[in-house]
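Worksheet: the structure to be examined is printed underneath.
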Amino acid sequence: GPGPGRLPAAGEEGPVEGGPPDHSYSLSSGTTSEELLRKLNEQRDIIALLEVKMKEMKGSIRRLRLAEAQLREEIREKDRLLHAASAGTRKRHGL
């Protein structure tokens, strides 16, 4: 069997019936199938919510990237206009 401080490998037995669980999240040996099913459904609900949030965040990222591209284009256009205006001013003043 597994030595002290070592987790059982695949195919090896886990803790003895009624013994301490391997992990803090292990279920006690008395867990009923109804409890297991409830826990499984809770986990599925959490995963479904996380998937929805992930899709929302991907949409937000896409919108932010579009907004960033538009802002960068506006900045380039304003820089171009400022450059053209300052070049025109220098010419008029003979600089």
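Only a single criterion out of (1) open to solvent by 100 Å² or more (accessible area, probe 1.4 Å); (2) modelled with pLDDT of 80 or more; (3) under 34 Å from the mean Cα position of the chain (by Cα) is not satisfied by GLY59, namely (1).
Determine if region 26-34 includes at least one residue that is in a helix (DSSP H, G or I), modelled with pLDDT under 95 and not β-branched (Val, Ile, Thr).
Looking for residues that are in a helix (DSSP H, G or I), modelled with pLDDT under 95 and not β-branched (Val, Ile, Thr), one finds at least one in region 26-34, hence yes.
The values are calculated or read from the model by the stated rules, or taken from the named source; none is laboratory data. Please read these numbers as outputs of a predicted model, since none were measured by experiment. Protein only, heavy atoms only, side chains kept; ligands, DNA and RNA dropped before computing areas. Shrake-Rupley method; radii C 1.70, N 1.55, O 1.52, S 1.80 Å.
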